[in-house]
Amino acid sequence: MIKGLSGSQVTTEITIRRATEEEIFWVNNQYDQIGFKHSDYSNELIAIAEVNGERAGLGRLQRLTDNIAELGGMYVNEDFRGHGLAAKIVNYLLQHSDEYRQIYCLPFSHLEGFYQRFGFKPCQNLVEAPSAVVEKHSWCNATYKDKTLLFVLDKNT
């Protein structure tokens with residue numbers, strides 16, 4: 001339930017689904033608004049959260065190698081925050097990640113606890129991390145005002 005403008009309870013239908021190729025313009029428009037890199041539909045699983053049929057948030061799982069991916073691009077429109085959409089997006093993406101042995105994530109430091117709830121841990125060995133992830137981690141810390149962490153979810157442990 002989400003409170004309506006009058007304070008009354010409004011029935012809310014939340015759906016998390018895979019983005020269609022036709023939605024890539026909308027996806028990248030969202031990322032442009034917050035300074036995130038664009039998505040590549042051919043190499044990513046992009047999840048869209050809808051509230052009562054309205055697109056409210058998104059996230060992505062980008063293939064890095066056959067068994068390694070990066071979870072990222074989490075964004076929930078301000079009008080829909082506080083209702084667990086980000087967690088639902090992460091759950092959806094992780095439920096569709098069976099082919100990956102490791103999943104890296106570059107969260108802002110204030111989201112450390114959020115990602116740890118899903119089993120992500122600080123990456124202890126940068127030498128073993130894919131160079132693309134290490135380079136993006138450096139880019140994020142040079143680009144964004146908030147500190148970016150480097151986490152990994154290792155399904156082998």
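The values are calculated or read from the model by the stated rules, or taken from the named source; none is laboratory data. Predicted model only: the values in this text are computed from it and were never measured. Heads up, the Cβs are rebuilt from the backbone with ideal geometry, glycines too, and the neighbour counts pull from every protein chain shown. Only protein heavy atoms, including side chains, enter the accessible area calculation; ligands, DNA and RNA are left aside. Shrake-Rupley method; radii C 1.70, N 1.55, O 1.52, S 1.80 Å.
Computed on protein heavy atoms with a 1.4 Å probe, the accessible areas place Ser97, Ser131 in the order Ser131, Ser97, largest first. Take every DSSP beta bridge whose two residues both sit in segment 6-95; close to 100 percent of them are antiparallel. Taking GluC sites (Glu not before Pro) as candidate sites, keep only those in a DSSP loop with at most 15 other Cβ atoms within 10 Å, then name the longest stretch of the chain containing none of them. The segment 14-98 is the longest one with no such site. Highest mobility in the GNM of the chain, judged by mean-square fluctuation with C-alpha springs under 10 Å and restricted to Ile16, Ile24, Ile89, is found for Ile24. Positive end of the dipole of segment 113-157 (Cβ unit charges, origin at the Cα centre): among Leu150, Ala132, Tyr115, the Cα lying farthest that way belongs to Tyr115. Listed values (1) 14.6, 43; (2) 15.9, 49; (3) 15.9, 54 include one computed from this model; for Rg and Dmax of the Cα atoms in Å that value carries the label (3). Placing +1 on each Lys and Arg Cβ and -1 on each Asp and Glu Cβ, with no other charges, gives the chain a dipole about its Cα centre of roughly 480 debye.
With the helix formula -39500 (n - 2.57) applied to DSSP H stretches of n ≥ 4, the chain reaches a computed 222 nm mean residue ellipticity of -7500 deg cm²/dmol. Which of Gly35, Gly59, Gly73 ends up with the largest GNM mean-square fluctuation for the chain, with Cα atoms connected below 10 Å? Maximum fluctuation in the GNM of the chain, among the listed residues, is at Gly35.
Given axes a ≥ b ≥ c from the Cα gyration tensor, I'd like to know whether segment 81-157 is rounded (a/c under 1.5), prolate (a/b larger than b/c) or oblate. It is oblate, given that a/c is not under 1.5 and a/b is not larger than b/c.
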